[in-house]
Amino acid sequence: MNRHARSRTTVYVAGALALLAAATGCTSGGDSGAASAALVPASGSPASGSPATAAPSRSAGPSPSASPTGGPAAGDAAAWAKWHLTPLPPAPPAPADKPVKLARTGPVPVFSEVKTSDKVVFVTIDDGAEKDPKFVEMLTDLKVPVSMFLTRDIVKDNYGYFKPLQALGNHIHNHTVDHAQMSKVPPEKQKSEICDAQAALTQQYGTPPLLFRPPYGDGANTPALNTAVQQCGPRAVVLWRESMQIHDMQYQAADKKLRAGDIVLAHFRGPKDLKGETMTQMFGELLARIQEQGFAVARLEDYIEAPAA
Ligand SMILES: [Zn+2]
C-alpha cells in the first residue's frame, strides 16, 4: 500500500481506535492506542489539498543551545556509550521548505506523520508525570530532540523540571489541563481544557504552545475539538504512528516498521508504570528500536512552518 492509501485508512479508523485507546489510562497504559490521522484539515474538506499558506518561512522555534552542564557534544560516541547505546545516525539539516505549513487562522490540520523523504522519525513525550533528573542528564548528553506535550495538572507541582529540557531546544506543547477525554465533555469544557493549559504553559515557559494533542488521541477529528483548538491558540493537532511501551513500540503499520516522517509517542513515566524500568531505561530502549531500523531522530518543529506573526 502506498503512503497515500495508508493515510486514508488511518483517517478512517482514527475515531474508532481512539475510543479503544481511551479505555486505558494515560499514566498506566496509555495514550498508546492507535489514534492516527493524515495531514488533513478537520473541517471536513478533502485530504488532497495542502494547508499551505503564504506565510513567510520561519522556524517554529529556537535551535538547541549548548549543553548548560558541559555534557558531551551531539554524536559523541562516549556519550552514547555512557548510556550503553549505539549512536543514532545524525539528523539531516532541517528542510528549508517545511513540509508542514500552518495557517494563522481557520481549521487546524490533524496529523500523525510528516511528509518527508528524510530517514527520520520524531519523538514526542506526553503528560509529564515522571520527573527523573537522570532523564535531563541523558538528553543533555545525547542531544536527541523531543517535543513535549504537557498536561497542566500533571506538571504544575514542578514546572521547573521541564525548563532544562526546554533549554536544550525542545518545545513544549499543549496536552490539556487534566487529561480529560475530550469527546466525553461538552464544547465549553473542551475549550477550557485547552485554553487554560495554553495560558499556564505560556506563562511558565514563555512561548505559546504551537501544537495540541488530545489525551488518547480522542476526539481529534471532531469539529468541536477543532473549534476549541482554534479558540485557544495551537495551530495543529498532532497524533502519532508508533507508541513506545516498556521495551518495544506498538506500531500501527502491519509490518511493524518505522517509516520516514513517523511521529512516535512516549510518556514521562517511571518504575511504577514501567514494571520497574526507569524513564532512562525506557527511553534507551526507544532509541535502540529506532537505531536498529536505521533512522535518525529529527526535531518535529524543524519540519513545521509556524504561522506568520
Ligand atoms: Zn496523555
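The values are calculated or read from the model by the stated rules, or taken from the named source; none is laboratory data. Values in this document were obtained by computation on a predicted structure and should not be read as measured data. Cβ: placed from backbone, ideal geometry, glycine included. Neighbour counts: every protein chain shown. The protein model used for the area step is the full one, side chains on, heavy atoms only, and it has no ligands, DNA or RNA in it. Shrake-Rupley method; radii C 1.70, N 1.55, O 1.52, S 1.80 Å.
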Would you confirm, using the coordinates I've provided, whether M279 is farther than 28 Å from E305 by Cα, touching a residue at least 40 places away in the same chain (Cβ under 8 Å) and aliphatic (A, V, I, L, M)? yes
In region 244-264, how many are without any contact (Cβ under 8 Å) to a residue 60 or more places away in the chain and either touching a strand residue (DSSP E or B) at 6+ places or on another chain (Cβ under 9 Å) or of a type in the set (F, W, Y) (or both)? 5
What residue, of N226, N221, is surrounded by 19 or more Cβ atoms within 10 Å (Cβ to Cβ), under 21 Å from I172 (Cα atoms) and not hydroxyl-bearing (S, T, Y)? N226
Out of L239, L274, sole residue that is surrounded by fewer than 24 Cβ atoms within 10 Å (Cβ to Cβ), among the aliphatic types (A, V, I, L, M) and within 16 Å of the ligand (Cβ to nearest atom): L274
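Suppose we filter region 201-232 for residues that are out of contact with any Phe, Trp or Tyr (no Cβ under 6 Å at 6 or more places or on another chain) and away from the ligand (no atom under 16 Å from the Cβ); how many remain?
Of region 201-232, the ones out of contact with any Phe, Trp or Tyr (no Cβ under 6 Å at 6 or more places or on another chain) are 201-203, 205-212, 214-228, 230-232.
Restricting the remaining residues to those that are away from the ligand (no atom under 16 Å from the Cβ) gives 202-203, 205-208, 210, 221-224, 226-228, 230-232.
Of the residues in that region, 17 qualify.
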In region 252-278, which residues are β-branched (V, I, T) and more than 19 Å from Q291 (Cα to Cα)? T278
Out of A220, A228, A200, A224, which single residue is assigned to a loop (DSSP other than H, G, I, E, B) and of a type in the set (G, A, S)? A220
In this structure, is N174 under 19 Å from A236 (Cβ atoms) and within 16 Å of the ligand (Cβ to nearest atom)? yes
Only one of K189, K156 is open to solvent by 60 Å² or more (accessible area, probe 1.4 Å), more than 18 Å from the chain's Cα centre (by Cα) and within 16 Å of the ligand (Cβ to nearest atom). Can you tell me which? K156
Flag if A129 is among the aliphatic types (A, V, I, L, M), surrounded by fewer than 22 Cβ atoms within 10 Å (Cβ to Cβ) and within 16 Å of the ligand (Cβ to nearest atom): yes
